[in-house]
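The values are calculated or read from the model by the stated rules, or taken from the named source; none is laboratory data. Keep in mind the model is a prediction, meaning the values are calculated, not measured. Methodologically, a virtual Cβ is constructed for each residue, glycine included, from the backbone with ideal geometry; neighbour enumeration extends over all protein chains shown. For the accessible areas, the whole protein counts, side chains as well, though only heavy atoms, and no ligand, DNA or RNA atoms are used. Shrake-Rupley method; radii C 1.70, N 1.55, O 1.52, S 1.80 Å.
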Number of protein chains: 2
Amino acid sequence: MFYIIGLGLCDEKDVTVRGLEAIKGSSRVYLEAYTSILMVQKEKLEAFYKKPLILADRDMVETESDEILANADREDVSLLVVGDPFGATTHTDIILRARALGIPTRVIHNASIMNAVGACGLQLYNFGQTVSLVFFTETWKPDSFYDRIKENADLGLHTLVLLDIKVKEQSEENLARGRKIYEPPRYMSIRQAVSQLIEIESLRQTGTLSPDTTLAVALSRVGGGSDNQRIVAGTLTELVNHPEDAFGDPLHSLVIVGKRLHHLEVEYAQDFAVDVERWRNSAKKVYGCALD
Amino acid sequence: MFYIIGLGLCDEKDVTVRGLEAIKGSSRVYLEAYTSILMVQKEKLEAFYKKPLILADRDMVETESDEILANADREDVSLLVVGDPFGATTHTDIILRARALGIPTRVIHNASIMNAVGACGLQLYNFGQTVSLVFFTETWKPDSFYDRIKENADLGLHTLVLLDIKVKEQSEENLARGRKIYEPPRYMSIRQAVSQLIEIESLRQTGTLSPDTTLAVALSRVGGGSDNQRIVAGTLTELVNHPEDAFGDPLHSLVIVGKRLHHLEVEYAQDFAVDVERWRNSAKKVYGCALD
């Protein structure tokens, strides 16, 4: 059996009991290490599982999947992924490959940011499509995410914005010279994300995002409890000016609040507001929320 | 500490290790038993946790939450919910109440249908807002879900449709007479859901849903592995005519496929198709998907 096991969002204890059993019964266990990051080191996972883990980078999962799947028709092999297995396209690829090889597969689900985002108090029913935001460079500023946010905003819906991570990337020079030297991992910060949003709004000028009145919620390390989890709510301007370290460690995600905002959502999230007064004011006056 | 712990989708082994630790350390453990159902009986959970569980129905969670929260500032109390704690509004209510009482809370996340729906091969990025479908009666056929599906469809997005469940409901007569006699639980079936969709389409006639060409995917018991999980893909007509028992036991959910369908999604889901030929044909001709 080939297992793909979601590890959840936080640390070694977020695996499910079913997932843990599958890990313990597997002859090889791979840890996928590029579509997201766990808040814990490989060594800590190995100590907890009492199993060695084989790191699987993008090349391995995408182009050498037969190596991962070897013998999985006769013994149990597990691939561990952060969050839930269906967050990233690559996992459907490897399942399709397993099917083609006649290897039975089983997915063990877990929390992912796609549902845990509810922790900020915004109702999952009020979210539209999720978008991804990639690092801008001087010459490359892909902005199709803006159209998606606008589509959601026009319907009054919230947008979950997933922020880029760069793991095992090569510099242009190293890539050109074929040198397998990798840059340190980079995680997009909330400030960078918000400033990219404001940059595109200033180019497009559709009024979808208004720095001083559009509300947003920044989340980091959801599920990490009071020690780790950070949720910060405010206008885009407030978030871009908020101290970097107040957002906590990566990964960060961002929610752009839509007009279909309910007063209960406002009240729940105000606990995380940079400025409660301004949060409620914008909700009332700009979003038309019925608050006292 | 007041814990709200997601149990995941399937059975007693879908709790996380962190969740299990919190349960074992709690002096009282409540099991919320109305917004969804787990595929396992209370007694089996109790045996697994080695703890008695107190059933918490809607009245208790919504109007008697102080009873649940009693002493949670001095000892650990857990409320167990199926899926993830942020699927239903009521859990934000009880957290707000705990905050007001100065009781520290912690949410332990898990998989819910909102992310596990990815198991059918449709990409989570391509989903719009989620809708709920309630049981129609002779006199009450609320159809606002249709507008939401249309909003998603107009953007080419998939829609996750959650199907109604009725737990601890009273008949009109028993309600009128104040008799606390409850009807057996009812779960909306795929066939009923699809026929309600078709009924509203025939009233509205916007062309959002076309019984013979609109593709949909039915899911039941996601996460239950090959023994339990059922995924069936086809046109609305195919699903409404499909044998009831082929969909497996409740809970059922439904996805209406949007036009932004990717060929990889078609290929993954065709494994679940009632008729692979018709599935691919509709994807190609009606959805404009680039398939061989």
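Provide an ascending nm list, one decimal, of label-point separations from residue B:185 to the equivalent residue in each further copy; define each label point as 7 Å from Cα along Cα→Cβ.
Reported distances to equivalent positions: 4.0 nm.
Can you list, shortest first and in nm, the gaps between the label point of residue A:241 and those of its counterparts in the other copies, using a point 7 Å from Cα in the C-beta direction?
Label point to label point, same position, other copies: 6.4 nm.
So how much accessible surface do B and A hide from each other in total, probe 1.4 Å, in square angstrom to the nearest 100?
Approximately 4700 Å² gets buried when B meets A.
Does anyone have the angle between helix B:190-204 and the longest principal axis of chain B? Alpha-carbon axes, 0 to 90°, nearest 10?
Orientation of helix B:190-204: about 60 degrees from the principal axis.
I need the shape label for the range B:172-292. Rule: rounded when a/c is under 1.5, else prolate if a/b > b/c, else oblate, with a, b, c from the alpha carbon gyration tensor.
oblate
Per DSSP helix of 4 or more residues, -39500 (n - 2.57); summed, then divided by the residues of chain B. What does that give at 222 nm, rounded to the nearest 500?
One gets -9000 deg cm²/dmol as the mean residue ellipticity at 222 nm.
Defining the label point at 7 Å along Cα→Cβ, can you sort the distances from residue B:284 to the same site in each other copy, shortest first, in nm?
Distances between equivalent label points, in nm: 6.0.
Which of rounded, prolate, oblate describes chain A, given a ≥ b ≥ c as roots of the alpha-carbon gyration tensor eigenvalues and a/c under 1.5 marking rounded, otherwise prolate only if a/b is larger than b/c?
Prolate is the answer for chain A, as a/c is 1.5 or above and a/b outweighs b/c.
For chain A, what is the percent of antiparallel DSSP beta bridges, rounded to the nearest 5?
Taking every DSSP beta bridge within chain A, about 45 percent pair in antiparallel fashion.
Suppose accessible area is computed on protein heavy atoms with a 1.4 Å probe; arrange B:268, A:125 from highest to lowest.
From most exposed to least exposed: A:125, B:268.
Going by a ≥ b ≥ c, the root eigenvalues of the Cα gyration tensor, does the range B:1-66 fall in the rounded group (a/c under 1.5), the prolate group (a/b larger than b/c) or the oblate group?
oblate
At 1.4 Å probe size, with the rest of the protein present, what percent of the exposed accessible area of the range A:1-126 is carbon and sulfur atoms?
Carbon and sulfur: 50 percent of the exposed surface of the range A:1-126.
Share of antiparallel DSSP beta bridges in the protein assembly as shown, in percent to the nearest 5?
Percentage antiparallel, nearest 5: 45.
Can you give me the relative contact order of chain B as a percent, contacts being Cα pairs under 8 Å and 6 or more apart?
For chain B, the relative contact order is 17 percent.
Looking at the range A:104-120, which residues lose a minimum of 50 Å² of accessible area between their chain alone and all protein chains in place, measuring with a 1.4 Å probe and not counting ligands or nucleic acids?
A:106, A:109, A:114, A:115
How well do other chains shield peptide B:19-30, expressed as the mean number of their Cβ atoms within 10 Å of each residue Cβ?
Per residue, the average neighbour count from other chains is 1.
Over the range A:78-164, average the accessible area per residue using a 1.4 Å probe and give it in Å², no decimals.
30
If exposed means no more than 13 neighbouring beta carbons inside 10 Å and the site is in a DSSP loop, what's the longest run of chain B without any exposed GluC sites (Glu not before Pro)?
B:139-292
In the range A:1-104, which trypsin sites (Lys or Arg not before Pro) fall in coil by DSSP and have 11 or fewer other Cβ atoms within 10 Å?
A:50, A:74
At 1.4 Å probe size, put B:101, A:197 in order of accessible surface, largest to smallest.
Descending accessible area places them as B:101, A:197.
With angles folded into 0 to 90 degrees, how steeply does helix B:89-100 sit against the dominant principal axis of chain B? Use alpha carbons for both and round to 10.
For B:89-100 against chain B, the angle is about 30 degrees.
If you take each beta carbon of peptide B:8-18 and count the beta carbons of other chains within 10 angstrom, what is the mean?
The shielding value for this peptide is 6.
Only protein chains counted, 1.4 angstrom probe. Which residues of the range B:249-292 are at least 40 Å² less accessible in the assembly than when their chain is isolated?
With the partner chains in place, the range B:249-292 has these residues losing at least 40 Å²: B:260, B:264, B:268.
Output the residues of the range A:53-93 meeting this criterion: accessible area (heavy atoms, 1.4 Å probe) in the chain alone minus accessible area with all protein chains in place is 10 Å² or greater.
Residues losing area: A:84, A:86, A:87, A:89, A:92, A:93.
As a test question: what accessible area, to the nearest 10 Å², does residue A:139 have when a 1.4 Å probe is rolled over all protein chains in place?
Number for this one is 130 Å².
Within 10 Å of each Cβ of A:148-156, how many other protein chain Cβ atoms are there on average?
Mean partner-chain Cβ count within 10 Å for A:148-156: 3.
How many Å² of accessible area per residue for the range A:167-292, probe 1.4 Å?
That works out to 50 Å² for each residue.
Which entries of A:42/B:259; A:259/B:285; A:150/A:285; A:168/A:259; B:42/B:180 show an alpha-carbon separation above 32 angstrom in the structure shown?
With Cα atoms farther than 32 Å apart: A:42/B:259; A:259/B:285; A:168/A:259.
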